[in-house]
Amino acid sequence: MVEALRDARVVVTGAGGGIGAALARAFADQGARVVVNDLDAEAAHKVADGIGAAVVAGDASGIVPAARTALGGRIDVFCANAGVGTGGGADADDAAWELAWDVNVMAHVRAARALLPEWLERGSGRFVSTVSAAGLLTMIGAAPYSVTKHGALAFAEWLSLTYRHRGIAVHAVCPQGVRTAMLDAAGAAGDLVLAPNAIEPEDVAKAVLDGIAAERFLILPHPEVAGYHAARAAEPERWLRGMNKLQRSYEDLRAKAGEDA
């Protein structure tokens, strides 16, 4: 049992399936009161009904007031989990970039903006950001996703360094491949980079519980990501050459499939 979660009031966005649903179930198992959020109201209710949680459906960006009401006037833990896996490169249209920025970064900013006054007043609160290993490294074939996940990590870091002495705990969750609908939609890039070592959403949820118990900022459900991140920082040219080799393999796969690289 994670003591920090016993009787805690928790919000999980994007919890209609995948990592979010696994997080909601894991928090409920720890004795927390949970609000399940998702754009898909039917999916949110299905998850919530299984764990005795409340539902606040809709866009994750503006749910804090309704979620607070559903939890009896207080939020202790906010999991900014909703995300979009926008692919494409520099040629992706503005709408794709704007969607990735809005969901993967600004939804976190808006939630924090709404939560911080309450948390700072009472001297406690916990913000859990589902970032992805793409925020520490990158993801081939997905410039909007990679760039905005770096932004999500940067915002989580900023929150942590700014408010930890005032009782605010922040966690950045950075998995690689996870067997979810997002992985299914990742195409050749997902098959090449993510699928071989993909884990289950429940494995991510367990890593999050362990990270909260240990009060770790960086939560790595794939521990090997720490080594990749260290190599990227220590030898960036070597790391970029290796990633470019992976990019060429990706282009070869797409060419064989008759797709444009």
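The values are calculated or read from the model by the stated rules, or taken from the named source; none is laboratory data. On a predicted model such as this, the values are computed, not experimentally measured, just so you know. Backbone-built Cβ (ideal geometry, glycine too); neighbour counts: all protein chains shown.
Cβ-Cβ contacts under 7 Å between residues 6 or more apart (or on different chains), taken from a first residue in region 101-123 that is part of a helix (DSSP H, G or I) to a second residue that is buried (at least 17 other Cβ atoms within 10 Å of the Cβ) and among the hydroxyl-bearing types (Ser, Thr, Tyr), are listed as TRP101/THR148; ASN104/THR148; VAL105/THR148; MET106/SER61; ALA107/SER61; HIS108/SER129; ARG110/SER61. The single residue among ARG248, ARG232 that is more than 20 Å from ALA24 (Cα to Cα), surrounded by 13 or more Cβ atoms within 10 Å (Cβ to Cβ) and among the basic types (Lys, Arg) turns out to be ARG232.
Only a single criterion out of (1) loosely packed, with under 13 Cβ neighbours inside 10 Å; (2) modelled with pLDDT under 90; (3) of a type in the set (D, E, K, R) is not satisfied by ARG254, namely (1).
Name every residue in region 142-163 that is under 18 Å from ALA96 (Cα atoms), of a type in the set (Gly, Ala, Ser) and surrounded by fewer than 23 Cβ atoms within 10 Å (Cβ to Cβ), in order of residue number.
First, the residues of region 142-163 that are under 18 Å from ALA96 (Cα atoms): 142-152.
Among the residues that remain, those that are also of a type in the set (Gly, Ala, Ser) are: 142-143, 146, 151-152.
If the condition is that a residue be under 18 Å from ALA96 (Cα atoms), of a type in the set (Gly, Ala, Ser) and surrounded by fewer than 23 Cβ atoms within 10 Å (Cβ to Cβ), then ALA143, SER146, GLY151 are the ones that fit.
For region 116-123, the count of residues that are at pLDDT 95 or above and either basic (Lys, Arg) or under 18 Å from the mean Cα position of the chain (by Cα) (or both) is at least one. For region 177-190, a tally of residues being modelled with pLDDT under 80 and not in a loop (DSSP other than H, G, I, E, B) returns 7.
Being loosely packed, with under 14 Cβ neighbours inside 10 Å and not polar (S, T, N, Q): is that true of GLY50 here?
yes
Against the condition assigned to a loop (DSSP other than H, G, I, E, B) and under 22 Å from LEU23 (Cα atoms), how does ILE140 come out, does it pass? Before the answer, list the steps.
Working: assigned to a loop (DSSP other than H, G, I, E, B): yes; under 22 Å from LEU23 (Cα atoms): no.
Spelling it out, it is not the case that ILE140 is assigned to a loop (DSSP other than H, G, I, E, B) and under 22 Å from LEU23 (Cα atoms).
One residue stands out in region 55-86 among those that are crowded, with 20+ Cβ neighbours inside 10 Å and more than 21 Å from GLU118 (Cα to Cα): the one that is modelled with the highest pLDDT, namely VAL55.
Being among the aliphatic types (A, V, I, L, M) and under 18 Å from ASP203 (Cβ atoms) is the filter here; which residues of region 6-46 pass it? Outline the logic, then answer.
Residues of region 6-46 that are among the aliphatic types (A, V, I, L, M), as a first pass: 8, 10-12, 15, 19, 21-24, 26, 28, 32, 34-36, 39, 41, 43-44.
VAL12, ALA15, ILE19, ALA21, ALA22, LEU23, ALA24, ALA26, ALA28 - these are the residues of region 6-46 that are among the aliphatic types (A, V, I, L, M) and under 18 Å from ASP203 (Cβ atoms).
Within region 30-75, the residues that satisfy the criterion of being within 23 Å of ALA169 (Cβ to Cβ) and under 18 Å from the mean Cα position of the chain (by Cα) are VAL34, VAL35, VAL36, ASN37, ALA60, SER61, ILE63, VAL64. For beta carbons closer than 8 Å, sequence separation of 6+ or different chains, a first residue in region 190-202 that is closer than 20 Å to GLY20 by Cβ and a second that is modelled with pLDDT under 75, the qualifying pairs are GLY190/LEU183; GLY190/ASP184; LEU194/LEU183; LEU194/ALA186; ALA198/LEU183.
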